[in-house]
Amino acid sequence: MSDRTPIIAGNWKMHRDHLEAIQLVQKLAYHLQEEDYEGQEIVVCPPFVALRSIQTLIQSDKLPISLGAQNCHPEDEGAFTGEISVPMLARLDVRYVICGPSERRALFAETDELIATKARAVQKHDLRPIVCVGEVKEEREAGKALDVVVDQLRGSLQGVSADDPDALVIAYEPVWAIGTGLTATPEDAQEMCAAIRTELAGIYDASTAEAIRIQYGGSVKPGNVRQLMGQPDIDGALVGGASLSSEDFALIVGHRR
Ligand code: PEP
């Protein structure tokens, strides 16, 4: 067992308005048991418009759940119509910001460089980036998965600090497993997460790499989470679809029971 505190995060993507979001978190809290909160971090990442409602709920009900945002703009403020800055997120008690998930890389043309800029901006305001990396199906089939992931990691972590290893989370999300029902086998996921840790030791140093948390993401469900979380280099899960069901997300969070 490592000393790393497991971190389970739900990425709701563009689902749930602010009223539905409140209900989802209330139901989640109902399904969770006290022991589920112990020794692990639970994060929900709703759409921006629901952050304020969830912040209020977390405060009023004293829920040990952290708030995450799905994106940010790297500038503190300015003429960036439609964008949201990290200081704005900080005011809402957001603790984590997802940087470079596959959809933003593929649909919004986010580069490793931009992702690193966002991650640095997140850290500048004492929030924590969850930096996502992962290969597409063709790359895996061509035997290039490791090279692709290592490349993304180096590019997306340019200038990103790991002085406090808890303040940086890596999410390995094979793109072919996201929202498809296909999951990497626990062995394949472990192999890649171990390779990511080795690379982190090169970027930072060995003891820092040992302390950084690496999540797996890609069709994580109640039925596969235990095996995935049982792998030595997998310290958490970034959950998409299954985080929209309070029952399923509670089972994922409660996988140790
Ligand atoms: C994700 O988008 O981060 C994700 C892993 O989605 P899903 O769990 O639905 O595959």
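General observations
- The one condition in (1) in a helix (DSSP H, G or I); (2) closer than 16 Å to Pro74 by Cβ; (3) hydrophobic (A, V, I, L, M, F, W, C) that Trp176 fails to fulfil: (2)
- Tallying residues that are part of a helix (DSSP H, G or I) and either among the basic types (Lys, Arg) or within 16 Å of the chain's Cα centre (by Cα) (or both) within the range 212-232 yields 4.
- Checked against (1) buried (at least 24 other Cβ atoms within 10 Å of the Cβ); (2) more than 14 Å from the ligand (Cβ to nearest atom), Gly100 meets all criteria but (2).
- Among helices (runs of 4 or more DSSP H) entirely within the range 65-165, having at least 3 residues that are touching a strand residue (DSSP E or B) at 6+ places or on another chain (Cβ under 6 Å) and over 17 Å from Pro46 (Cα atoms) singles out 112-124, 145-156.
- The residues in the range 162-190 that are more than 16 Å from the ligand (Cβ to nearest atom) and surrounded by fewer than 16 Cβ atoms within 10 Å (Cβ to Cβ) can be counted, and the count is 4.
- Residue within the range 222-241 that is within 11 Å of the ligand (Cβ to nearest atom), in contact with a Lys or Arg (Cβ under 8 Å, 6 or more places away or on another chain) and either under 27 Å from Ile65 (Cα atoms) or open to solvent by less than 10 Å² (accessible area, probe 1.4 Å) (or both) present: yes
- Just so you know, in the range 106-135 the residues that are under 19 Å from Ile196 (Cα atoms), open to solvent by less than 50 Å² (accessible area, probe 1.4 Å) and over 14 Å from the mean Cα position of the chain (by Cα) include one that is nearest to the ligand (Cβ to nearest atom), and it is Glu135.
- Subset tally (residues that are more than 16 Å from the ligand (Cβ to nearest atom), open to solvent by less than 10 Å² (accessible area, probe 1.4 Å) and either at pLDDT below 95 or not in a helix (DSSP H, G or I) (or both)) for the range 1-44: 1
- In the range 186-203, the condition of being assigned to a loop (DSSP other than H, G, I, E, B) and at pLDDT 95 or above is met by no residue.
- Any hit, the range 194-213, residues being among the aliphatic types (A, V, I, L, M), open to solvent by 20 Å² or more (accessible area, probe 1.4 Å) and within 15 Å of the ligand (Cβ to nearest atom): no
- Selection of first residues in the range 94-109 that are at positive phi and of second residues that are within 11 Å of the ligand (Cβ to nearest atom) and open to solvent by less than 40 Å² (accessible area, probe 1.4 Å), restricted to Cβ pairs under 8 Å at least 6 apart or on distinct chains, gives the following pairs, ordered by first then second residue: Gly100/Cys132.
- Any hit, the range 72-89, residues being within 16 Å of the ligand (Cβ to nearest atom) and touching a Phe, Trp or Tyr at 6+ places or on another chain (Cβ under 7 Å): no
The values are calculated or read from the model by the stated rules, or taken from the named source; none is laboratory data. None of the values given here were measured: they were computed from a predicted structure. Backbone-built Cβ (ideal geometry, glycine too); neighbour counts: all protein chains shown. The area values use the complete protein model at the heavy-atom level, side chains included, leaving out ligands, DNA and RNA. Shrake-Rupley method; radii C 1.70, N 1.55, O 1.52, S 1.80 Å.
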